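Notes for the one structure printed next.
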Amino acid sequence: PSTFWATQFHATFEDDLVGMRTIDLLGADTLMWASDYPHPDSTWPESVDVVEKHFQGIADDIKQKIVWKNAAGLYDL
């Protein structure tokens with residue numbers, strides 16, 4: 001199952017510190033942070049603060065993958 005997960009799935013999380021605890025389990029290449037904008041329960045306009053809080057102590061290359069690079073790769077942006 002882990003091989004299928006790594007090649008076929010992505011997971012998102014928003015304002016959820018548990019999402020950070022799944023990096024080692026799911027892999028940084030399959031996780032994507034989401035602001036859920038423009039929904040009323042989104043983190044916007046505090047998204048930058050939420051990202052800073054969630055990614056404290058996380059290596060910058062991992063942070064970049066989860067915050068934007070994984071989504072850009074998935075959607076060919």
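Using only side-chain charges placed at the Cβ, +1 for Lys and Arg and -1 for Asp and Glu, the dipole size of the chain relative to its Cα centre rounds to 260 debye. Length gained on full extension, T12 to D29, computed as 0.36 nm times the residue gap minus the Cα-Cα distance: 5.0 nm.
Going by accessible surface with a 1.4 Å probe and the largest first, D24, D60 read D24, D60.
Farthest towards the positive end of the charge dipole of the chain, among the residues H54, V67, L25, is the Cα of L25, using unit charges on the Cβ of Lys, Arg, Asp and Glu.
Treating r as the C-beta distance of S2 and H39 and R0 as 30 Å, the FRET efficiency rounds to 0.45. Remark: relative contact order (the chain) = 31 percent; criterion is Cα-Cα distance under 8 angstrom and separation of 6 or more residues. Sorting L17, L74, L31, L25 on solvent-accessible area from highest to lowest, probe radius 1.4 Å, gives L25, L17, L74, L31. With all protein chains in place and ligands, DNA and RNA left out, the 1.4 Å accessible area ranks I23, I66, I58 as I58, I23, I66, largest first.
Taking the 1.4 Å solvent-accessible surface of region 17-77 as the whole, the part contributed by carbon and sulfur is 56%. Working from the Cα coordinates of the chain, the gyration tensor eigenvalues give, after taking √(5λ), semi-axes of 20, 14, 12 Å in decreasing order.
Think of a 1.4 Å ball rolled over the protein heavy atoms: the chain then has 72 Å² of accessible area per residue.
The values are calculated or read from the model by the stated rules, or taken from the named source; none is laboratory data. Quick caveat: nothing in here was measured; it's all calculated off a predicted structure. A quick note on method: Cβ atoms are made from the backbone with ideal geometry, for glycine too, and the neighbour counts reach across all protein chains shown. SASA here: full protein model, heavy atoms, side chains in, ligands and nucleic acids out. Shrake-Rupley method; radii C 1.70, N 1.55, O 1.52, S 1.80 Å.
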